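Below: the structure, in structure tokens.
The values are calculated or read from the model by the stated rules, or taken from the named source; none is laboratory data. None of the values given here were measured: they were computed from a predicted structure. So basically every Cβ, Gly included, is an ideal-geometry build from the backbone, and we count neighbours across all protein chains shown.
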Number of protein chains: 2
Amino acid sequence: MELYSYFRSSAAYRLRIALNVKGISYQQVPVNLLKGEHKSANYLALNSQGLVPSLKTDNDEVLSQSPAILEWLEETFPDTSLLPSSSLERATVRSWCNQIACDIHPICNLRVLNYVAEDLGGGSEGKLAWLHHWITTGFGALEHQLADVQSQGNFCYGKQLTLADIYLIPQVFNALRFNVDMAGFPRIMAIYQHCNTIPAFIDAQPANQPDAS
Amino acid sequence: MELYSYFRSSAAYRLRIALNVKGISYQQVPVNLLKGEHKSANYLALNSQGLVPSLKTDNDEVLSQSPAILEWLEETFPDTSLLPSSSLERATVRSWCNQIACDIHPICNLRVLNYVAEDLGGGSEGKLAWLHHWITTGFGALEHQLADVQSQGNFCYGKQLTLADIYLIPQVFNALRFNVDMAGFPRIMAIYQHCNTIPAFIDAQPANQPDAS
């Protein structure tokens, strides 16, 4: 498989972790967002949204949108499952995923931050305040919800590594990169530190990618 | 079941359509976002994010985040399936859902618009430009992707009503409400018009809810 990726993209980072956890081999095709390669005709022909990641399967089918790709990976490679066994537990884990994938990450991605800084005239200060506001708001609710299960293990869902960890770790990485104060989120930070002792997570870190700069 | 809902919330509107399509009976508990009822202690005890919708099941479990709830409904009430039968087709449909659920809707919901207008000083003009920009960007990519299947039927995924329609119709409703020019999106508009001839969609429209005002 080929993963069209950018080392700092949270959404690509999610897929790198999932592919590693499931032991699926893949090659990376770097797409440099800062150089605008995601807006090139070649890339738009693969992904008309012009966003990373895209995943080209062994059958040359091109999938887009990391949440859809994660569900596809889970259905297609069910070993080392990333979801709990009951439907109700899956709803809980997916709710945590959505809180990051819908209510934090896309509000704070590069294109939105650029719009805030430039089109809205917020500048770099306005951009930073924006990012801190939405990450802190989102993590506040999540920290509260993780309280019940954290005592039972080091992952979001207790002892089981799930999609929730795969969404959370890139988002925390992003928060730390922008100096968000994480003191109010001890459970989230404990999960972050634990996951980053696991090779599948370490190998997926932005600094360890071929296009890291 | 009890659906904690606000008539104009796109995310609640999705659940109303899905519940109607699957023929599941439910009661609505209105949560008035303009009056701040989503920030009341009672509601935060149910949903610590303070967002609608929430769904209380027959077993008094409270689910949050509409994408997670839609997957739960699909798993729990598999009749009248809202996803295609093959994993690859499901990835396509889920990608369309994500494009709305991640890259349009949460960037344009009430709390973000308020932040743009007030905290960032964009005012009502800046807020409207913001909303038009992200809806138009998102619909542009989606219109392109729907081209291939539209000729085969009146839904996003050709002849089958799927989750993609359930995400799309509330987002189009929202676009029209804010006078987004939809002339460039003929396929999306054809799907919108077709769906709104179906009772499950009509009954879910904001104007037809008990808390409509």
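Exactly one of (1) within 17 Å of the chain's Cα centre (by Cα); (2) closer than 21 Å to A:G23 by Cα; (3) more than 8 Å from chain B (Cβ to nearest Cβ) is unmet by A:I69. Its number? Among (1) within 17 Å of the chain's Cα centre (by Cα); (2) closer than 21 Å to A:G23 by Cα; (3) more than 8 Å from chain B (Cβ to nearest Cβ), the lone unmet condition for A:I69 is (3).
Conditions (1) among the small types (G, A, S); (2) in contact with a strand residue (DSSP E or B) (Cβ under 7 Å, 6 or more places away or on another chain); (3) buried (at least 20 other Cβ atoms within 10 Å of the Cβ); (4) part of a helix (DSSP H, G or I), marked per residue:
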residue	(1), (2), (3), (4)
B:L168	no, no, yes, yes
B:L176	no, no, no, yes
B:N179	no, no, no, no
B:F201	no, no, yes, yes
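Please verify whether segment A:120-132 includes one or more residues that are in contact (Cβ under 8 Å) with a residue 40 or more places away in the chain and within 9 Å of another protein chain (Cβ to nearest Cβ).
Narrowing segment A:120-132 to residues in contact (Cβ under 8 Å) with a residue 40 or more places away in the chain: A:128, A:131-132.
Next, from what is left, pick out any that are within 9 Å of another protein chain (Cβ to nearest Cβ): none.
No; the residues of segment A:120-132 include none that is in contact (Cβ under 8 Å) with a residue 40 or more places away in the chain and within 9 Å of another protein chain (Cβ to nearest Cβ).
The condition (being closer than 19 Å to B:L110 by Cβ and buried (at least 21 other Cβ atoms within 10 Å of the Cβ)) is satisfied by just one residue among B:L34, B:L15: B:L15. In this structure, B:G138 does not satisfy being in a helix (DSSP H, G or I), within 7 Å of chain A (Cβ to nearest Cβ) and either within 30 Å of B:P186 (Cα to Cα) or modelled with pLDDT of 95 or more (or both).
Given the structure, is B:G184 closer than 20 Å to B:S85 by Cβ, surrounded by fewer than 18 Cβ atoms within 10 Å (Cβ to Cβ) and away from chain A (no Cβ under 13 Å)? In short, no. Identify the residue in segment B:72-89 that is over 21 Å from B:N20 (Cα atoms) and assigned to a helix (DSSP H, G or I) and, among all such residues, is farthest from the other protein chains (Cβ to nearest Cβ). My answer is B:E89. Here segment A:36-65 is the region considered, the condition is being within 8 Å of chain B (Cβ to nearest Cβ) and among the small types (G, A, S), and the residue that is nearest to the chain's Cα centre (by Cα) is A:S64.
I'd like to know if segment B:142-164 contains one or more residues that are among the small types (G, A, S), within 29 Å of A:G122 (Cβ to Cβ) and surrounded by fewer than 20 Cβ atoms within 10 Å (Cβ to Cβ).
No; the residues of segment B:142-164 include none that is among the small types (G, A, S), within 29 Å of A:G122 (Cβ to Cβ) and surrounded by fewer than 20 Cβ atoms within 10 Å (Cβ to Cβ).
In this structure, does B:T197 turn out to be part of a helix (DSSP H, G or I), out of contact with any Phe, Trp or Tyr (no Cβ under 6 Å at 6 or more places or on another chain) and at pLDDT 95 or above? No; evaluated as a whole, the condition is false for this residue. Would you confirm, using the coordinates I've provided, whether B:A117 is at the interface with chain A (Cβ under 7 Å from one of its Cβ atoms), surrounded by 15 or more Cβ atoms within 10 Å (Cβ to Cβ) and over 17 Å from the mean Cα position of the chain (by Cα)? Considered against the rule, which asks whether it is at the interface with chain A (Cβ under 7 Å from one of its Cβ atoms), surrounded by 15 or more Cβ atoms within 10 Å (Cβ to Cβ) and over 17 Å from the mean Cα position of the chain (by Cα), B:A117 comes out as no. The set of residues from segment B:48-67 being of a type in the set (A, V, I, L, M, F, W, C) and surrounded by fewer than 15 Cβ atoms within 10 Å (Cβ to Cβ) comprises just one member, B:V62.
Summed over segment B:141-155, residues that are more than 25 Å from A:C102 (Cβ to Cβ) and within 8 Å of another protein chain (Cβ to nearest Cβ) total 0. Any residue in segment B:101-112 that is more than 9 Å from every other protein chain (Cβ to nearest Cβ) sitting within a Cβ distance under 7 Å of a residue that is not in a helix (DSSP H, G or I)? List the pairs, counting only those 6 or more apart or interchain. The qualifying pairs are B:L110/B:L33.
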